[in-house]
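Structure first, commentary second.
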Amino acid sequence: MADLKLTDIGKSYGEVSILEGINLDIKAGELIVFVGPSGCGKSTLLRMIAGLERISAGELQIDGTVVNDVPPAQRGIAMVFQSYALYPHMTVRDNMAFALKIAKKTPQEIEKAVDNAARILQLTPYLDRLPKALSGGQRQRVAIGRAIVRDPKVYLFDEPLSNLDAALRVATRIEIAQLKEAMPDRTMIYVTHDQVEAMTLASRIVVLANRGISQVGTPLDLYQRPENEFVAQFIGSPSMNLLAGEITGTGEMTTVKLDGGGVGQVAVATTEADMGLKVNLGVRPEDLAPTEGQGLYTGTVDIVEALGEVTLLYFEPQGDHHALIAKLSGIHADLRHGTVTLTADPEKLHLFHQGRSLRAR
């Protein structure tokens with residue numbers, strides 16, 4: 001088991017700053033997921049923890065020991081990369097045992113470690129096969145097994161499923177979740193750009209953006225209580241809709257008059273000082289529902305995507321506003337080119353001013 005503490009961590013290449021002021025406490029046994037847009041520095045941060053990138057500023061502690069200048073091999077970590085990087089001429093058994101042989105472990109220790117990892121990852125029947133005789137998901141499990149046999153304090157995963165097809169991604173994601181349950185005392189840090197992986201695997205998610213941390217929380221915390229517009233739109237698919245408006249009523253229930261003509265009642269407390277404030281009202285596509293009365297939004301449906309269990313409605317843009325998306329359960333293919341009014345539960349709505357949530361202040 002290992003705790004990690006990142007204090008004011010920064011990374012720069014010459015005059016170009018990549019990450020600044022990263023402060024994060026990771027408790028032993030957590031599975032932390034780093035997510036964010038391409039180029040936000042999530043893999044760079046992981047590589048700094050691994051010791052593969054120099055830390056430009058700040059302090060990294062593993063189990064209370066500062067490891068800024070400790071070589072990767074002495075940090076007690078094991079890393080699983082996006083590429084399997086298996087030795088093609090070695091069997092699964094030999095691939096998994098290679099690091100232990102280099103470490104001069106006894107044959108008995110190596111056999112025990114490999115057999116244990118193979119059992120956890122359901123690779124026992126494949127131990128004598130070459131990598132070319134395995135599927136992509138099985139190869140990635142071998143790469144994970146190669147990390148398990150080292151019995152590290154911390155496991156680092158750098159987008160391990162990105163090379164797999166859709167079906168294998170789902171299957172291997174479930175296997176990683178089962179692996180974590182089988183090793184509850186092991187700390188894992190996982191980098192991905194896939195928010196489904198983040199939402200289903202993480203104890204907590206770290207959302208990176210603009211050279212720093214945008215928000216840290218459990219998957220449902222980020223989904224239900226985003227602290228800013230970036231997190232609100234990054235977490236969830238399709239993205240949260242933002243509708244511009246003005247506060248016209250304050251109190252425990254806030255009234256917002258929207259620029260598009262709709263009116264929203266939002267379960268966010270405001271004061272008299274907030275009257276007239278320009279805000280964005282946030283509503284997730286899955287929280288919208290058609291109504292016959294006054295609603296948040298009325299528009300013409302431009303495109304319908306009937307997916308069977310749900311239907312996505314894409315509305316025509318209104319002026320400078322982005323097209324709104326609604327996600328309705330069931331099949332509604334007949335709504336294309338029709339005019340629809342939408343509403344939502346006040347408890348499901350969000351208010352943002354200058355990019356920050358009024359609920360989080």
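What is the distance, in nm, between label points placed 7 Å from the Cα along the Cα-to-Cβ direction at Gln108 and at Asp8?
5.1
Under the classification rounded if a/c is under 1.5, otherwise prolate if a/b is larger than b/c and oblate if not, where does region 28-186 fall, given a ≥ b ≥ c as square roots of the Cα gyration tensor eigenvalues?
Oblate shape, in that a/c is at least 1.5 and b/c is the bigger or equal ratio.
Local charge sum around Ala289 (other residues, Cβ-Cβ under 15 Å, Lys/Arg +1, Asp/Glu -1)?
-2
Setting aside same-chain residues fewer than 8 positions from Lys327, which aspartates and glutamates have a Cα under 19 Å from its Cα?
Glu286, Asp287, Glu292, Asp302, Glu305, Glu309, Glu316, Asp345, Glu347
Within 10 Å of each candidate Cβ there may be at most 14 other Cβ atoms; applying that plus a DSSP loop requirement, which trypsin sites (Lys or Arg not before Pro) in region 71-140 survive?
Answer in residue order: Lys104.
Among His332, Asn23, Ala99, which residue has its Cα furthest toward the positive end of the charge dipole of the chain, with +1 on Lys/Arg Cβ and -1 on Asp/Glu Cβ?
Of the listed residues, the answer is Ala99.
Rg and Dmax of region 64-132, using alpha carbons, in Å: what are they?
14.2, 42
For Ala166 paired with Glu309, estimate the spin-label separation in nm (one decimal), with each label point 7 Å from Cα along the Cα-to-Cβ line.
Between Ala166 and Glu309, the label points sit 1.3 nm apart.
Please work out whether region 151-218 counts as rounded, prolate or oblate from its C-alpha gyration tensor, where a ≥ b ≥ c are the square roots of the eigenvalues and a/c under 1.5 means rounded, while otherwise a/b larger than b/c means prolate and anything else oblate?
oblate
Given that compact globular proteins tend to follow 2.2 N^0.38 Å, what is the ratio of the alpha-carbon Rg of region 247-361 to that value?
The value comes to 1.11.
In percent, how large is the relative contact order of the chain, given Cα pairs closer than 8 Å and 6 or more residues apart?
Computed value for the chain: 15 percent relative contact order.
When the dipole is taken about the Cα centre of region 202-361, and only Lys, Arg (+1) and Asp, Glu (-1) are charged at their Cβ, what size is it in debye, to the nearest 20?
With Lys and Arg at +1 and Asp and Glu at -1, about 540 debye.
With a Cα-only, solvent-free Debye model of region 100-173, what are the log10 I(q)/I(0) values at q = 0.24 Å⁻¹?
-1.20
Determine the percent antiparallel among the DSSP beta bridges restricted to region 127-253, to the nearest 5.
So the antiparallel bridges in region 127-253 amount to around 50 percent.
Quick one: divide the alpha-carbon radius of gyration of the chain by 2.2 N^0.38 Å and tell me what you get.
For the chain, the normalised Cα radius of gyration is 1.18.
From the cross-link list Lys42/Lys132; Lys104/Lys153; Lys42/Lys153, which pairs have alpha carbons spaced over 25 Å apart?
Lys42/Lys132
Looking at this model, which pairs from Lys105/Lys180; Lys112/Lys180; Lys5/Lys101; Lys27/Lys101; Lys11/Lys278; Lys5/Lys112 are more than 28 angstrom apart at the alpha-carbon?
Lys5/Lys101; Lys27/Lys101; Lys11/Lys278; Lys5/Lys112
Using only alpha carbons, build the gyration tensor for region 1-53 and give me the equivalent ellipsoid semi-axes, biggest first, whole Å.
21, 12, 10
Every number here is computed from the coordinates shown, using simple stated rules; none is lab data. Note that the structure is a prediction, hence the values are computed from the model and not measured. Positions of Cβ are backbone-derived with ideal geometry, glycine not excepted, and every protein chain shown enters the neighbour counts.
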